[in-house]
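Asker: I'd like to ask some things about the structure below.
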Amino acid sequence: MKRTLLLALLLFATPALAQTRPSDAQLREQFRTDFLRGCQAGRTPGVRNQRNYCNCFVNSYLARYNGQTLGAIAAQANQLGGRGAALVDLMMSPERQACAARS
């Protein structure tokens, strides 16, 4: 499941966004949409309510980072491949664990 979440994060760095200057609100909404699509398509072990877990987890990202930073993290994680995904997972592990415990 971690890979599904990170894939959603990596999908955020789309070429269409790179060609324009979206607002912070647009970047955050695009991140939310892409993240939820990937997260809700998977199953997280130990989580009873995947939808609540995904909403909690995406809100954690949005509370911590602004849209520009989310885009930069996604771009860097994409360039690093699996190591980037592992780093992002480590950065968000306290929030991920808290969301899993509540869902």
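The values are calculated or read from the model by the stated rules, or taken from the named source; none is laboratory data. The structure displayed is predicted, hence computed values, not measured ones. With ideal geometry, Cβ positions are generated from the backbone for all residues, glycine too; neighbour counts draw on all protein chains shown. With ligands, DNA and RNA removed, areas are computed over all heavy atoms of the protein, side chains included. Shrake-Rupley method; radii C 1.70, N 1.55, O 1.52, S 1.80 Å.
Asker: Going from most exposed to least, what order do Y53, Y65 have by accessible area with a 1.4 Å probe?
Answerer: Numbers: Y53 0, Y65 40 Å².
Descending order: Y65, Y53.
Asker: Magnitude of the Cβ-charge dipole of segment 23-68, K/R +1 and D/E -1, about the Cα centre, nearest 20 debye?
Answerer: Working: 7 positive and 3 negative charges, 51 e Å.
Taking the Cα centre of segment 23-68 as origin, the dipole is about 240 debye.
Asker: Still on this structure, please answer the following. For a test of the definition: using alpha carbon positions, the gyration tensor, and the 1.5 limit on a/c, classify segment 17-102 as rounded, prolate or oblate. Walk me through the intermediate numbers first.
Answerer: Details: a/c = 1.95, a/b = 1.48, b/c = 1.32.
Because a/c hits 1.5 or more and a/b exceeds b/c, segment 17-102 counts as prolate.
Asker: Moving on. Report the Cα centroid-to-centroid distance between segment 30-48 and segment 56-102 in angstrom, as an integer.
Answerer: So the two Cα centres are separated by 13 Å.
Asker: Just add up the charged neighbours of S60: K/R +1, D/E -1, any other residue whose Cβ is under 10 Å from the Cβ of S60. Don't skip to the answer; put the middle values down first.
Answerer: Details: positive: R64, R96; negative: E95.
Counting the neighbours of S60, the net charge comes to +1.
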